Structure formats: C-alpha cells, structure tokens
Amino acid sequence: MKRLVILISGRGSNMTAILDAVGGGKIAGEVTGVISNRPDAAGVAIASDRGVATVSIDHRAYPDRETFEHALTAAIDVHAPDLIVLAGFMRILSAAFVDRYAGRMINIHPSLLPSYPGLDTHSRALADGVRIHGCTVHFVTDDVDHGPIIAQAAVPVRNDDDATALAARVLEAEHQLLVAAVGWFCAGRLVIDGARVRVKNESGDVVPLIVPAPDLS
Ligand code: NHR
Ligand code: GAR
C-alpha cells in the first residue's frame, strides 16, 4: 500500500474523491494524513470526521515562506509518504521544497495546461472565448503549473456558462481525473520520461478524457 499525504487549502472535494476511491478499493493506497495551510478549511473537518489525521499549518503564522515550508516538511515527513497530492493547495512552493519530493508530488490544476497556469482559470478561459476547457494532473516542479503532465480531461464550454457553472463542470472532471492519476501512481504505472509521463500498460483507461467520461475503473 502506498502512503499518501494530501495538501489542501479549502473545500476538499478533490481530497474527498481520493478518500472515497481509497475506501472503495479503487486506489492501492492509504491516506495517512491531510494537511491544510488554512485552519478553517472545510476539508479538514471532512478528513477528521473520516478518521484521517489532520494538521493545520497556517502560513500567516510564519514570517516567510522558508519557515512555513520547514514546518510543512516536518508535518509531511512524519508520514513517510510515497506520494504527496496537492488538491486545491493554494501556496506556491519553493525549489528546495519541490526538490525534496521530486517525482512524488502531484497537483490537480483547473485548466488544460499549458493554457491558463496560475489563478482564476475559469474567468480567463471565458474571457478568451475558448470552447474547450478542462483540468490537468501534473508532477510538481519548480516551474509552477509546468511540471510533466500525467493526465488531462476536457469539458465543453457552453454558451450560457459563467465562471461558476464552468468551474462546476471542470470540478466533476477533476475528481475523476485525480482518482485515475493517483491510482496509476500507486500501481507503479507512471514513468517520468523527460518532459513527458508514460503510463505503463496503457490500455483503454488511458484516453484523453472527455466529460461525460468513459468508465476508468
Ligand atoms: N509550487 C510549485 N513549486 N510548483 C507547482 O506546480 C505548484 C506549486 C504550488 C501550488 C498549485 C497551483 C494551481 O494548481 C500549485 C502548483 C497557487 C498559486 C498562487 O499564486 C499558483 C498556482 C497554484 C497554486 N498562490 C499565491 C501565493 O502567493 C497565494 C494565493 C492564495 O493564497 O489565494 O502562493 O493553480
Ligand atoms: C479545484 O478546482 C482545484 O483544481 C483548484 O482549486 C479547487 C479546489 O477545490 N486548485 C487551484 O486553483 C490551485 N491553485 P477542492 O478543495 O474542492 O478540491
């Protein structure tokens, strides 16, 4: 069983999707801890209700990123995780931090990277008038939102979409995509090959996911 630590900042719906998939035996792993940089994050209560160890490390209580990350590293390392999942985690991480966990930290990002890195992805996609939007799971590197891409899911942009409606459609895709990617990692199927990621034993489950999605189980 792979040991997973999930980092969150808010609602925790992606975290919950992982907990559900672990509970349902779809991921060969266990979530040993959930860490939030916001003590009031709704996801913290959800995780602790489910019996997962939670820690809040409020970045505002630290003088700089370095001391915050020092505390974060300590909280992560007690779990000796095989994989760290950024699931709606909103703090940029330094090169030193990222290097420590190279090849074992992934992020779910709400756009089809390399389009729309950073924040406010849905409003920016609508402002540009794109007709296809989506989400990406990638390995975390120093170059924010530019690490090797593991998987992507596309959703249509509809005429009457506002950012809220579009975000909701993307979020559904995120939950499916993140569970698939974490499942592949835990099954030892991901190989980083330069800028690309190969999924070993690629079959029908490794299609560019269009929502409504094929069954990934
Ligand atoms: N860190 C590194 N080094 N590399 C990545 O790829 C990272 C990362 C940290 C977070 C998630 C990312 C996203 O999916 C992520 C990827 C926050 C910001 C940001 O600007 C940017 C990208 C992401 C997350 N954060 C502000 C900051 O100053 C704070 C914003 C806030 O607190 O609301 O850190 O989009
Ligand atoms: C998700 O849409 C995730 O992709 C996004 O925040 C949301 C968190 O929702 N992440 C970022 O924007 C990272 N900057 P959740 O807490 O319900 O999983």
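The values are calculated or read from the model by the stated rules, or taken from the named source; none is laboratory data. Remember, it's a predicted structure, so these values are computed and weren't measured experimentally. Note that we place each Cβ from the backbone using ideal geometry, even for glycine, and neighbour counts take in every protein chain shown.
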- Query: Residues S115, S123: which one is at pLDDT 95 or above, among the small types (G, A, S), in contact with a helix residue (DSSP H, G or I) (Cβ under 7 Å, 6 or more places away or on another chain) and more than 7 Å from ligand 1 (Cβ to nearest atom)?
  - Reply: S123
- Query: If you take the residues in region 1-19 that are among the charged types (D, E, K, R) and not in a loop (DSSP other than H, G, I, E, B), which one is nearest to I76 (Cα to Cα)?
  - Reply: R3
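Matching residues to (1) aliphatic (A, V, I, L, M); (2) crowded, with 22+ Cβ neighbours inside 10 Å; (3) within 14 Å of L86 (Cα to Cα):
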{"position": "D120", "(1), (2), (3)": "no, no, no"}
{"position": "D128", "(1), (2), (3)": "no, no, no"}
{"position": "I132", "(1), (2), (3)": "yes, no, no"}
{"position": "T141", "(1), (2), (3)": "no, no, yes"}
{"position": "G147", "(1), (2), (3)": "no, yes, yes"}
{"position": "A153", "(1), (2), (3)": "yes, yes, no"}
{"position": "D161", "(1), (2), (3)": "no, no, no"}
- What helices (runs of 4 or more DSSP H), lying completely within region 27-128, carry at least 2 residues that are within 12 Å of ligand 2 (Cβ to nearest atom)? 42-49, 121-128
- Message: Restricting to region 18-58, and then to whatever is polar (S, T, N, Q) and within 16 Å of ligand 1 (Cβ to nearest atom), can you tell me which residue is surrounded by the fewest Cβ atoms within 10 Å (Cβ to Cβ)?
- Response: S56
- Among the residues of region 54-87, write down those that are over 15 Å from V98 (Cβ atoms) and in contact (Cβ under 8 Å) with a residue 24 or more places away in the chain. H59, A75, V78, H79, A80, D82, A87
- Note on the structure: Expected single match for among the aliphatic types (A, V, I, L, M), touching a Gly at 6+ places or on another chain (Cβ under 7 Å) and modelled with pLDDT of 95 or more among A74, A45, A53, A61 is A53
- Message: Please determine whether any residue of region 95-103 is small (G, A, S), touching a residue at least 40 places away in the same chain (Cβ under 8 Å), surrounded by fewer than 18 Cβ atoms within 10 Å (Cβ to Cβ) and within 12 Å of ligand 1 (Cβ to nearest atom).
- Response: yes
